[in-house]
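Everything below concerns the one structure shown next.
The values are calculated or read from the model by the stated rules, or taken from the named source; none is laboratory data. Quick caveat: nothing in here was measured; it's all calculated off a predicted structure. No Cβ is skipped: glycine too gets one built from the backbone with ideal geometry, and neighbour counts run over all protein chains shown. To get the accessible areas, we keep the full protein, side chains included, count just its heavy atoms, and leave off ligands, DNA and RNA. Shrake-Rupley method; radii C 1.70, N 1.55, O 1.52, S 1.80 Å.
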Amino acid sequence: MEVALDVQLHLSLEDLVRLERFEKGAAQSKRLRIVILAIGGWTAPAIAMSVGLSRRVCQRWVYRFNEFGLAGLSDRRGSEPKPALTPEQQAQVCERLEAGPTPADEVCSLRGVDVQRILAEEFGVLRCLAAVYQLLHRLGYSYLTPRPRHRQSNPAAQEQFKRELPARLQALRDQHVDQRVRVYFQDESRFGQHGTTTNVWARRGSRPTAVRQTEYQYLWVLGAVCPETGHSDGLLSPQLNTKMVNIFLQQFSQTLAADEHAALIWDGAGFHTSGALKVPANVTIIQLPAYSPELNPIENLWHYLKSHYWSNQAYADYAALENAAIKAWQLAALDPDLMKTVCAAPYADGATSK
């Protein structure tokens, strides 16, 4: 819920109203109006609608008035208020943000009001919320949803995997000197009637609704993507086991050019390590460290498909799920340029070229 802006009363409301009445410049008059409305308890969105400017601009003029009084409303295009924090303090603020909340913060995530308190208590800097958000944006921060990380993941093992990958791929190239080694990432995702929701555009302050199905039919989508070329291959299956993985591997191997050899990187799921696994001659398996989905960029593809095509929907039966999965795969996964972006693997970039 939006709250009114904090305003430092450098001038009385009566003085500001009088100044606005006799101000001949339209821009300056509008800035005075912004401050007057803020003192009157208007929220930033309401002020923005009244004066025909963006919420951020209105917050900015109130911030300047708070900092510099009437002089802060002068037109200083291209100039910024003097930073309240030294470069060293800004670096310390960044360290504090990236370390996350401490037990003393008593929150699970640092919101704007928490950063406002930290600036006041730890740095002696008093700022309104609008100024706090402006500082965060200037420092390069946005309020993002974090990617889940397994509590048993091993960062040291993950870094070692990334360091050793170029040598492993070079050794594979040495074994297949007459072929080009292409790096693929493989994974599986369940898609079913136990649905998900994603963001929608709605009126500010409202609580929009979307369908979230809670029935239990589902299918599996098996996929592999080469971030270098954008080539992908997929398979739909009502079940997931070693037999289906073998079918996928055989299908996948047939999509490779005669002069190509695939280095297929995947996780250590049981159906990936089974003794019954049958790996084609033109495919070599490279296993990721345990609990390391963040090293498998095809995970981004599942997120993309769910957020763009599969969420906020209801599916009557298995056939409806199958049709939706096929359509989404054709729209997204068969677009090589899109796959190069969605499934980009920066840590493997230096290891992909022959």
Top-ranked residue of the stretch 233-258 - restricted to ones that are small (Gly, Ala, Ser) and under 32 Å from the mean Cα position of the chain (by Cα), ranked as surrounded by the fewest Cβ atoms within 10 Å (Cβ to Cβ): SER237
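Regarding GLU80, is this residue acidic (Asp, Glu), part of a helix (DSSP H, G or I) and either open to solvent by 30 Å² or more (accessible area, probe 1.4 Å) or at pLDDT below 90 (or both)?
Numbers: acidic (Asp, Glu): yes; part of a helix (DSSP H, G or I): no; either open to solvent by 30 Å² or more (accessible area, probe 1.4 Å) or at pLDDT below 90 (or both): yes.
Answer is no for this residue.
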Output the residues belonging to the stretch 258-268 that are hydrophobic (A, V, I, L, M, F, W, C) and in contact (Cβ under 8 Å) with a residue 12 or more places away in the chain. ALA262, ALA263, LEU264, ILE265, TRP266
Restricting attention to the stretch 177-228, which residues are of a type in the set (A, V, I, L, M, F, W, C) and not in a loop (DSSP other than H, G, I, E, B)? VAL181, VAL183, PHE185, PHE191, LEU219, TRP220, VAL221, LEU222, ALA224, VAL225
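Conditions (1) in contact with a Pro (Cβ under 7 Å, 6 or more places away or on another chain); (2) charged (D, E, K, R); (3) under 24 Å from GLN116 (Cβ atoms); (4) open to solvent by 60 Å² or more (accessible area, probe 1.4 Å), marked per residue:
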site	(1), (2), (3), (4)
LEU19	no, no, no, yes
PHE22	no, no, no, yes
SER29	no, no, no, no
ILE39	no, no, yes, no
ALA44	no, no, yes, no
ALA48	no, no, yes, no
VAL51	no, no, no, no
VAL62	no, no, yes, no
PHE65	no, no, yes, no
Let me confirm something: among GLU121, GLU95, which residue is out of contact with any Leu (no Cβ under 7 Å at 6 or more places or on another chain), under 24 Å from ARG64 (Cα atoms), charged (D, E, K, R) and without any contact (Cβ under 8 Å) to a residue 12 or more places away in the chain? GLU121
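Filter the stretch 171-186 down to the residues that are without any contact (Cβ under 8 Å) to a residue 12 or more places away in the chain and out of contact with any strand residue (DSSP E or B) (no Cβ under 9 Å at 6 or more places or on another chain), then identify the one that is surrounded by the fewest Cβ atoms within 10 Å (Cβ to Cβ). Break it down stepwise before answering.
Of the stretch 171-186, the ones without any contact (Cβ under 8 Å) to a residue 12 or more places away in the chain are 171, 174-175, 177.
So of that shortlist, the ones also out of contact with any strand residue (DSSP E or B) (no Cβ under 9 Å at 6 or more places or on another chain) come out as 171, 174, 177.
Values: ALA171: 11, ASP174: 9, VAL177: 7.
Restricting to residues being without any contact (Cβ under 8 Å) to a residue 12 or more places away in the chain and out of contact with any strand residue (DSSP E or B) (no Cβ under 9 Å at 6 or more places or on another chain), the top hit is VAL177.
Would you check which residues across the stretch 94-142 are closer than 17 Å to ASP6 by Cα, assigned to a helix (DSSP H, G or I) and among the hydrophobic types (A, V, I, L, M, F, W, C) and list them?
Matches in the stretch 94-142: VAL113, VAL115, LEU119, ALA120, LEU129, ALA130, ALA131, VAL132, LEU135.
Any idea which of GLN239, GLN186 is within 16 Å of TRP329 (Cα to Cα) and either at pLDDT 95 or above or aliphatic (A, V, I, L, M) (or both)?
Working: GLN239 fails: within 16 Å of TRP329 (Cα to Cα).
Criteria check complete, one pass: GLN186.
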Helices (runs of 4 or more DSSP H) lying entirely in the stretch 1-75 (those with 1 or more residues that are closer than 26 Å to GLY205 by Cα, in contact (Cβ under 8 Å) with a residue 24 or more places away in the chain and over 34 Å from the mean Cα position of the chain (by Cα)): 26-39
List, please: which pairs have Cβ atoms under 8 Å, are six or more places apart or on different chains, and start with a residue in the stretch 274-293 that is without any contact (Cβ under 8 Å) to a residue 60 or more places away in the chain and of a type in the set (Val, Ile, Thr) and end with one that is open to solvent by 40 Å² or more (accessible area, probe 1.4 Å) and assigned to a loop (DSSP other than H, G, I, E, B)? ILE285/VAL279
Would you mind stating whether LEU334 is open to solvent by 70 Å² or more (accessible area, probe 1.4 Å) and in contact (Cβ under 8 Å) with a residue 24 or more places away in the chain? yes
Checking SER307 against (1) of a type outside the set (A, V, I, L, M, F, W, C); (2) surrounded by 14 or more Cβ atoms within 10 Å (Cβ to Cβ); (3) touching a residue at least 60 places away in the same chain (Cβ under 8 Å); (4) more than 20 Å from TYR216 (Cα to Cα), which test does it fail? (4)
